[in-house]
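Notes to accompany the following structure.
The values are calculated or read from the model by the stated rules, or taken from the named source; none is laboratory data. Computed from a predicted model, the values in this text were never measured in an experiment. Neighbour counts are summed over all protein chains in view; Cβ atoms, including those assigned to glycine, are modelled from backbone coordinates with ideal geometry. The accessibility values were calculated without ligands, DNA or RNA, using every heavy atom of the protein model including side chains. Shrake-Rupley method; radii C 1.70, N 1.55, O 1.52, S 1.80 Å.
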Amino acid sequence: MGQILIGPRIGGQMSWVSYDDDSQIKEHYDIEPLYGYFGGFTVAFRVRERFFLQTDFIYSRKGKVIEGTDDASKSDPLLEYRSIAHHFDVPIVYRMDFKGSFGDNLAFKYFVGLGPNISYWWKGNGTMKSGELLENHIEELEYDVEFGDAGENEDPGVLVVQDANRVQLGINFATGLVLEPSGGGVYIVDFRFELGHSYIYKDSPAQFADITFTDPAKGRNMGFRLGVAYLLDTKVSQRKKGKSTGKKRRK
């Protein structure tokens, strides 16, 4: 077969963090998803007649929102902590295609797939509101993430992550549609669930310099993605169709 398809891929996503002691954390906080986006390009290799190995190279905005509960005895009701993590992801999906049709005229393919996700945590930032900040006449704090030793941080606008796993692993579950119009190109619309395996950071919570709140440790990235890709066939034989053989004509 030897078919190779390549092209851009974009989409939206909903991400959140799942903690090992999730039930205990939810006694003090409400964990909400963060809505973001991703973009990059896709390469798909035909392995067999119905099987493709699809690899994406994308930039992705993941994160979470932590809010205080209404019970002031357990947490700050004014807390709103928004965390944005910028990642470079390489999700790999081994997919199996099936044929389908709408009526007699419109044919399509649908697929299911599974594979690993390799992610590099490039940088992070976010915002925070809380009663403690208001007492210090700060309505909203904008912060950046730094990786290193929290003991050396004196900047209140910096969140220090001491034991970050900047390279993280996960698993993708995928399903979607493949459309191949007569005009050329392949459109892929897919829906994925990313199940994180690696801790974002394991033992020490992320800390600010002079703020009581800490970002809990032992959490994993989770998310849903809805994406669209437009791919072109790079097969050399297809590009050469209609071209001259290069032989000289006799005079």
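Data table
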read-out	value
Filtered residues of the stretch 19-56 (kept if open to solvent by less than 60 Å² (accessible area, probe 1.4 Å), in contact (Cβ under 8 Å) with a residue 12 or more places away in the chain and over 17 Å from residue 117 (Cα atoms))	19, 25, 29, 31, 33, 34, 36, 46, 51
Checklist (1) at pLDDT 80 or above; (2) farther than 30 Å from residue 67 by Cβ applied to residue 211, failing item	(2)
Search result, residues across the stretch 32-55 that are more than 19 Å from the chain's Cα centre (by Cα) and not in a strand (DSSP E or B)	49, 50
Per-region count, the stretch 88-103, residues assigned to a strand (DSSP E or B), without any contact (Cβ under 8 Å) to a residue 60 or more places away in the chain and either closer than 18 Å to residue 215 by Cα or not β-branched (Val, Ile, Thr) (or both)	9
Selected residue (criterion: nearest to the chain's Cα centre (by Cα)) from residues of the stretch 88-97 that are within 13 Å of residue 194 (Cβ to Cβ) and open to solvent by 10 Å² or more (accessible area, probe 1.4 Å)	90
Residue under evaluation residue 132, criteria (1) open to solvent by less than 80 Å² (accessible area, probe 1.4 Å); (2) in contact with a strand residue (DSSP E or B) (Cβ under 9 Å, 6 or more places away or on another chain); (3) in contact (Cβ under 8 Å) with a residue 24 or more places away in the chain; (4) not aliphatic (A, V, I, L, M), criterion not met	(2)
Condition met for residue 85 (within 14 Å of the chain's Cα centre (by Cα) and buried (at least 16 other Cβ atoms within 10 Å of the Cβ))	yes
